[in-house]
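Since the structure comes first, as structure tokens, the remarks are kept for the end.
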Amino acid sequence: MKINRLTAEQLRKSILQLAIQGKLVKQDPNDEPASKLIERIYQEKQKLIKEGKIKKDKQESFIFKGEDNHYYEKIGKNIKDITEELPFEIPENWMWVRLKNISIINGGFAFKSSEFVSKENGIRILRISDFDERGLKNNNIVYYKYESKMFDYFLNNKNIVICMTGGTVGKSLLIKELKEKILVNQRVGNIKILNEMLPDYVDIVMKSELISKIIRKNKNSTNDNISIELIKLFFIPVPSIEEQLKIIVKYNKLLTQLTLYKNIFPYIFLLYIPVNIWYLRFLVNKTIHFSTLFYIKILNMLKNVKFLWIFTQLTLFMQLVLERP
């Protein structure tokens, strides 16, 4: 008998996938359709263009679902069927967009290392080595003397930064609370999410396998580079604001419980199997697959119960969670 188990990292990725496919939280038909949200974001962008705060996108696009259930993208006067390009189905009241449709995306400034200054005389620079998915790194910080031409390269709260080159290409970080002024260096993408969207939800999408696959497919195999233009074209599945909030809350709760799950992971199945030996004896030559939803049930249990109590309750889920190939 062989048991197929998910590690904490594999489970995190599976939860991310459920979240962006509309399967992590229950769909509410009373939620506002995502189409109305996208319309408000479009109007916000038009206002910023008129005010001269951003430039008009020459390749502005709009994705919609036709009566034939195919997805189409309108760019200018041209309409293209993109159904085969989309990675999975989304709920009826969700929408697909390009990342550029819901954000303002810029690359960093090419600061000269020969002109770095002391902390007292400059502003902190964010390089690709200065962050990972856990947060900003505070060792080997460099500073640069500020000039007015650098204003557009400031990092703000709720921006998302993404590494555009090197071995960690594609890593991203949501900036939750800055404690100092920071300017973004070249090869770091700076993504400002427009007001109507929740940056925390976009951060979940950016960390998912959806984006990882796009990056692996498109990066330069020699230099491991991605471009600002590629980042702008990332597909983003968009639910209503109400569901975005539910997804964020649910994901963060599960993420917290993953730490405990990681510690007890080796023991769960050791105690689980003997309790169900009568059933499992028929599966000697089978592989047992535990679904992601089963693991989520375990994580939810970890919120309120003590370690040993979990094992006595696992048997109640036997018929529900065992998936036979």
- Task: Using the structure shown, decide if Glu180 is assigned to a loop (DSSP other than H, G, I, E, B) and in contact with a strand residue (DSSP E or B) (Cβ under 8 Å, 6 or more places away or on another chain).
- Result: yes
- Residues of segment 1-10 being surrounded by 14 or more Cβ atoms within 10 Å (Cβ to Cβ) and out of contact with any Ser or Thr (no Cβ under 7 Å at 6 or more places or on another chain), in sequence order, are Ile3, Arg5, Ala8
- Would you be able to say whether some residue in segment 221-236 is of a type in the set (Lys, Arg) and either surrounded by 22 or more Cβ atoms within 10 Å (Cβ to Cβ) or at pLDDT below 95 (or both)? no
- Message: Checking the conditions here, which among Leu245, Leu255 is surrounded by fewer than 16 Cβ atoms within 10 Å (Cβ to Cβ) and modelled with pLDDT of 95 or more?
- Response: Leu245
- Note on the structure: Reported set for segment 140-177 where residues are farther than 26 Å from Asn101 by Cβ and among the aliphatic types (A, V, I, L, M) is Ile141, Val142, Met150
- Task: Just name the residue that is surrounded by the fewest Cβ atoms within 10 Å (Cβ to Cβ) out of those in segment 63-88 that are over 17 Å from Lys100 (Cβ atoms) and among the acidic types (Asp, Glu).
- Result: Glu67
- Exclusive hit being under 17 Å from the mean Cα position of the chain (by Cα), of a type outside the set (D, E, K, R) and part of a loop (DSSP other than H, G, I, E, B), set Gly189, Gly170: Gly170
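Does Ile226 satisfy the condition of being aliphatic (A, V, I, L, M) and in contact with a Lys or Arg (Cβ under 6 Å, 6 or more places away or on another chain)?
In short, yes.
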- Filter segment 137-171 for residues that are over 25 Å from Glu229 (Cα atoms) and either surrounded by 13 or more Cβ atoms within 10 Å (Cβ to Cβ) or not acidic (Asp, Glu) (or both) and give the result. Lys137, Asn138, Asn139, Asn140, Ile141, Val142, Tyr143, Tyr144, Lys145, Tyr146, Ser148
- Item | Filtered residues of segment 138-161 (kept if over 17 Å from Lys192 (Cα atoms) and modelled with pLDDT of 95 or more) | Ile141, Val142, Tyr143, Tyr144
- Can you tell me which residue in segment 108-132 is surrounded by the most Cβ atoms within 10 Å (Cβ to Cβ), limited to those that are in contact with a strand residue (DSSP E or B) (Cβ under 6 Å, 6 or more places away or on another chain) and outside any strand (DSSP E or B)? Gly108
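The values are calculated or read from the model by the stated rules, or taken from the named source; none is laboratory data. Small disclaimer: the values here were computed from a predicted structure and weren't measured. No Cβ is skipped: glycine too gets one built from the backbone with ideal geometry, and neighbour counts run over all protein chains shown.
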